[in-house]
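Here is the structure we will look at, set down as structure tokens.
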Amino acid sequence: MSRYPTVVETAEALDRGTASSGTLTNDTLARMDDPAGEGARVYVRRNDQRAVKLAETSDVLRGVGIKRSPLEGVPISVKDLFDIAGETTLAGSIALQDAPAALENAPVVQRLIAAGAVITGTTNMSEFAFSGIGINPHYGTPRNPYDRNTGRVPGGSSSGAAISVADGMAIAAIGTDTGGSIRIPSALCGLTGFKPTARRVSAQGVVPLSTSLDSIGPLAASVTCCAIIDSIISGDGLDVPLEAPIKGLRLAVPQAIVLSDMDETVARAFSRTLDLLSNAGAIISEIGLEEFSEVADIYARGNMVAAEAFAWHRDLLARASANYDPRVKLRITRGGEVSAADYIRTLETRAAWKRRVFQKVYGFDAMIMPTVPVIAPAIQPLIDDDAKFFAANSLVLRNPTMINFLDGCALSVPMHNSDEAPSGLMIAGTEMRDREILSVGLAIEHVLQQATNS
């Protein structure tokens, strides 16, 4: 299991004076500039002068005893979907290069700055967030920290977000998640990611993919990191929840769909994780949850993501279609074929589906399953072959999408050993159970870390 600096460790170093925000920020900027590193593929927009000034301000405030939050002076990257005042939001595309600069910060960005975070820049992504793989033909594809010689996908769409943390170009990152775009790169890169209930975090000033499903959350080194950041960007301002007692924790393992097509590495890690949790006193229950088998057909009858994406992109496609990634354009334009009747039926079907799933998982503390059933595939074969790309994209999105469709909340925490390729365990709950899921996540993370360190 990989080990990255946490927000808490960074804050403690700043508190002790063994580090300064200025030093941390200059170190992250140096890593971005390293020609042998991934910086050029990780960051789409940079404003080094702003980052340095934010760091200097933080150090001055800390010097007179002012600490605005646990993120005071901590370098944080932001996905290239978020408005930053004075800059053009590109969304990982070249189709928006002539768009006007944002007049104000997105609320999420403003909350981070008000909390004392140092914004390092905006990170690369699947164009317009429409892929779980993370390949970007315009700005390059940052390589997964695992097996850089092969060159494996980072996971998407928050690809640059994950690599910014994995490569020390930020302590934590802000991503978005419509069908797994925080949890997938977290799982494939050995990080922790949190997808909150969608409505808890403002999407104002954020380029949308699906207004029904888009969620905004952190990628970082630990569950505690994610809880701290979530409390700030959501505006809740609540402390990190207490770790749930592992003994007696009721964990449901859905059997339909989500356990199929696992590769050997993920299957071994998941089986080991179930044993560890059971031995620690958790009560593991297999549940059918056949409703998960219905989601692909519901999307096929009226794809709400494509329809909502097309509604936003229609005018941009009319004037800048040639500037789109062809694979992204194909899926967005299909949204124009979804009739209003089919779209409305999908919304109604989803509402009924959510009620049925809720009844079956009621009484459990969380659902657990592999975040992604396979380790990160190599980049080049997916660039070269459309069929391989779309098959891989569908597979990595499959499990996380279930929780977006449920309007739920979910963590992905690393479940691999240090000598294995990264894989993630998804810990999920129904809507507005965010703090409970974070509490359960702390307990599960503790068990997994103990096993890794023993």
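The values are calculated or read from the model by the stated rules, or taken from the named source; none is laboratory data. Just so we're clear, the structure is a prediction, and the values are computed from it rather than from any experiment. Quick reminder, even Gly has a Cβ in these numbers, built from the backbone with ideal geometry, and neighbours come from all protein chains shown. Ligands, DNA and RNA are excluded from the accessible area calculation, which covers all protein heavy atoms including side chains. Shrake-Rupley method; radii C 1.70, N 1.55, O 1.52, S 1.80 Å.
Each of GLY155, ALA352, SER285 was placed along the dipole of the chain (beta-carbon charges, centred on the mean Cα), and the one lying farthest toward the positive end is ALA352. So for the chain, taking the charge dipole from beta-carbon charges (+1 Lys/Arg, -1 Asp/Glu), which of ALA221, PRO107, VAL64 sits furthest toward the positive end? Working it through, the farthest residue towards the positive pole turns out to be PRO107.
Amide H to amide H distances under 5 Å link SER215 with ASP177, THR178, where only residues 5 or more positions off or on other chains count and H is placed in the peptide plane.
Of all beta bridges that DSSP places with both ends in the chain, some 65 percent have antiparallel geometry. Rounded to the nearest 20, the Cβ-based charge dipole of the stretch 340-452 about its Cα centre (Lys and Arg +1, Asp and Glu -1) stands at 540 debye. Sorted from greatest to least, the principal axis extents spanned by the alpha carbons of the stretch 358-454 come out as 45, 38, 18 Å.
Which semi-axes, in whole Å and largest first, does the equivalent ellipsoid of the stretch 140-254 have when worked out from the alpha carbon gyration tensor as the square roots of 5 times its eigenvalues?
Working: eigenvalues 111, 72, 42 Å².
For the stretch 140-254, the ellipsoid semi-axes come out as 24, 19, 14 Å.
Ranking GLY134, ILE383, ALA85 by Cα position along the charge dipole of the chain, where only Lys, Arg, Asp and Glu carry charges on their C-beta atoms, puts ALA85 farthest toward the positive end.
Lysines within cross-link reach of LYS360: Cα-Cα under 17 Å, excluding same-chain residues under 8 positions apart? Of all the lysines, none pass the test against LYS360 - Cα under 17 Å, at least 8 places apart if same chain.
Report in % the part of the accessible area of the chain that belongs to carbon and sulfur, leaving out ligands and nucleic acids; probe 1.4 Å.
For the chain, the apolar C and S fraction of the accessible surface comes to 52 percent.
Helix-only arithmetic for the chain: the sum of -39500 (n - 2.57) across DSSP H runs with n ≥ 4, divided by the residue total, places the mean residue ellipticity at 222 nm at -13500 deg cm²/dmol. The orientation-averaged shadow of the Cα convex hull for the chain, equal to a quarter of the hull surface, comes to 20.0 nm².
Here's the list of lysines a cross-link from LYS354 could span, going by alpha-carbon distance under 19 Å and ignoring same-chain residues fewer than 8 apart: LYS195.
In a solvent-free Debye calculation with one equal scatterer on each Cα, what is log10 I(q)/I(0) for the stretch 25-85 at q = 0.19, 0.23, 0.25 Å⁻¹, listed in the order of the q values? With one equal scatterer per Cα and no solvent, log10 I(q)/I(0) is -0.81, -1.04, -1.13.
Placing +1 on the Cβ of every Lys and Arg and -1 on the Cβ of every Asp and Glu, with no other charges, gives the chain a dipole of roughly 440 debye about its Cα centre.
Need one word for the stretch 36-174: rounded, prolate or oblate. Basis is the Cα gyration tensor (sqrt eigenvalues a ≥ b ≥ c); a/c below 1.5 gives rounded, then a/b vs b/c decides. Don't jump to the answer; show the numbers that get you there.
Values: a/c = 2.39, a/b = 1.44, b/c = 1.66.
Note, shape of the stretch 36-174 comes out oblate.
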